[in-house]
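To keep things clear, I will list the structure first and then write my remarks on it.
What follows is calculated from the coordinates using simple rules that are stated; it is not laboratory data. All of these numbers come straight from a predicted model, not from anything done at the bench. Because the Cβ atoms are built from the backbone with ideal geometry, glycine has one as well, and the counts that use them run over all protein chains shown.
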Amino acid sequence: MPAARLYPIFAQLSGREVLVVGGGTVAVRKVSALLEAGAKVTVGAPAFAGELENWAKNGEISLIFGKFSEHWLDGQWLVIAATSDTAANAAVATTAQQQRIWCNVVDDAELSSFQVPAVVDRSPLVVAISSSGAAPVLARLVREKIERLLDPSLGALAALAERWRGRIRGRLADLGLRRRFLERLFQGRVADLVRCGQTGAAEAALAYELERAALASPQGSVVLVGAGPGDAGLLTLKGLRALNEADVILHDRLVSTEVLALARRDAERIEVGKEAGQHHTTQDGIHRLMLQHARAGKRVVRLKGGDPFVFGRGGEELEFLHAHGVAFEVVPGVTAALACAAYAGIPLTHRDHAQSVRFVTAHCKASVDTLDWQALAAERQTVAVYMGVAAVARVCERLVASGRAASTPVALIENGSRAQQRVVLGDLASLPQLAAAHAAQSPALLIIGEVAALASSLSWFGAEPLTSPPDAMQLPYAA
């Protein structure tokens, strides 16, 4: 059974009673961390390590000699069971659960109601890493990597921000202005001065920047960001940064939940998705939303599946923003043809099969009728058809009628790059029936050309390609 997902939380234990059951080296480690957090620690065990006895002599902790008893938990906020006795640990956990007291049993995730994470300490900035008890060593390795990434001066920078917090809130009442100011503060001249140990100069620079920010008028902007076809790992670093700076995110229906989860938690999310046959928000409505939020001084991310400039109407949206004087930029994304083909093991070009690639869209009858079918039917090229699942039969028929061989390999890639990816392989003659038999649905992309056949041997992601109707697949000796 996979480990349960934990709710991350930082506990305020200063001046609060905490019990540690166990008197060995593990207990010493736990008590040390609790004392740093300001907890009032009581340790119970039949015998104690020397360090615990020294802390008790200095009045830093209290000791209870003996075996665990239920009354030890009276008045405690939480308890840590750190003994080498499995039965004793279980008794502590059971009693804590009955009294609704948070309990951690060292190295026993199933008995624990909370986990103690691996910590990167840049106080007051603290980073906690947890594997939900499933792999503590992995959490430690991640901590080591983060330790190398975070400069030691971040603690002093956080302390500086804490000292100035009231004045910053007073001068910058607007939340968006305040957030943008703090982002500049933590990445600009002030941060550099703190890193160099020049605290006085950093305070002066902060005061100067705060006055400038207080007098400035909020300037809204729009960033068109390509989210890729689904796998959050394909989002670019610049796209990730834009999501973390956004006040408002206008996202398409096909943007994956994994990509949206990377955005700042308090950003406003507005779905403006469109799909064949139904429009949740018209293109004019999307234009109005971008303008409304940008003129309100917000940083708007227009988040599109794939790439904004490949069948994403990104050009229309930039023309609108330019006409209305709204600042904009574009962050390209991995377009569906590139990603879906790669995840299906299909090279779009190959010196033995295809020297060129054509990207076309076939989301409705009108778009199908306007395509140059003679050019698309030429040999030694790959044709990538976006939004083509509803028109798969018409596309295959037109290509054959225009001279492409009916035996030309075709791949239909559904949910490309996502965990539920399916690849249906056939040819121009058989694919419409195969797609119908497997109930193929959007989002799906067609790859037409000899390279499509390579998926049968080069497929590496997700389930094996489907090459037969479902009924035939169930027959062990189907012809």
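Quick notes
- Most tightly packed first, judged by the mean number of other beta-carbon atoms within 10 Å of their residues, the peptides 260-266, 83-89 read 83-89, 260-266.
- Pairs of Cα atoms farther than 22 Å apart, segment 44-184, %: 61 percent
- Debye-sum result for the chain in log10 I(q)/I(0), which assumes one identical scatterer on each alpha carbon, at q = 0.11 Å⁻¹: -1.02
- Note on Ala128 and Arg140: the model spin-label points, each 7 Å out from Cα along the C-beta direction, lie 2.0 nm apart.
- Within segment 207-308: Cβ-based charge dipole about Cα centre, in debye rounded to nearest 20 (Lys, Arg +1; Asp, Glu -1): 180 debye
- Each of Val18, Val126 was scored by other Cβ atoms within 10 Å of its Cβ. Arranged with the fewest first, they read Val126, Val18.
- Segment 112-199: C-alpha gyration tensor shape, a/c 1.5 cut-off, then a/b vs b/c: prolate
- Taken over segment 337-479, the alpha-carbon convex hull comes to 102 cubic angstrom per residue.
- Nearest-0.05 FRET efficiency for Asp121 and Cys196, computed from C-beta distance (R0 22 Å): 0.50
- Scaled against 2.2 N^0.38 Å for its residue count N, the alpha carbon radius of gyration of segment 221-334 is 0.95.
- Between the beta carbons of Arg265 and Thr94, assuming R0 = 35 Å, the FRET efficiency works out to 0.45 to the nearest 0.05.
- Per residue, the convex hull around the alpha carbon atoms of segment 17-116 comes to 86 Å³.
- Within segment 402-430: backbone nitrogen closer than 16 Å to the Glu258 label point (7 Å, Cα to C-beta): 414-423
- The simple Förster model, with R0 at 35 Å and r as the Cβ-Cβ distance, assigns Phe10 and Lys67 a FRET efficiency of 0.60.
- Difference of contour (0.36 nm per residue) and Cα-Cα distance, Leu458 to Arg394: 20.2 nm
- Nitroxide proxy distance, nm - points 7 Å out along Cα→Cβ at Gln219 and Glu450: 5.4 nm
- Dipole moment magnitude, nearest 20 debye, the chain about Cα centre, only Lys, Arg, Asp, Glu C-beta charged: 1180 debye
- Alpha-carbon centroid distance for the pair segment 123-152 / segment 217-235, whole angstrom: 28 Å
- By average C-beta atoms within 10 angstrom, highest first, the peptides 309-322, 434-447: 434-447, 309-322
- Counted by neighbouring Cβ atoms within 10 Å, the residues Ile249, Ile129, Ile413 run from fewest to most as Ile129, Ile249, Ile413.
- Descending by average beta-carbon neighbour count within 10 Å, the peptides 300-308, 156-164 line up as 300-308, 156-164, the highest first.
- DSSP-defined beta bridges in the chain - what % are antiparallel, rounded to 5: 35 percent
- Cβ charges +1 (Lys, Arg) and -1 (Asp, Glu), total dipole of segment 337-469, debye: 180 debye
- Three-way shape label, segment 154-215, alpha-carbon gyration tensor, a/c 1.5: prolate
- Each of Ser442 and Gln420 was given a label point 7 Å from its Cα along the Cα-to-Cβ line. The distance between the two points is 1.6 nm.
- Note on Lys40, Lys57, Lys67: ascending count of other Cβ atoms within 10 Å places them as Lys57, Lys67, Lys40, the fewest first.
- Binned Cα-Cα distances of segment 125-268, short to long, each 10 Å bin given as a whole percent: 9, 28, 33, 24, 5, 0
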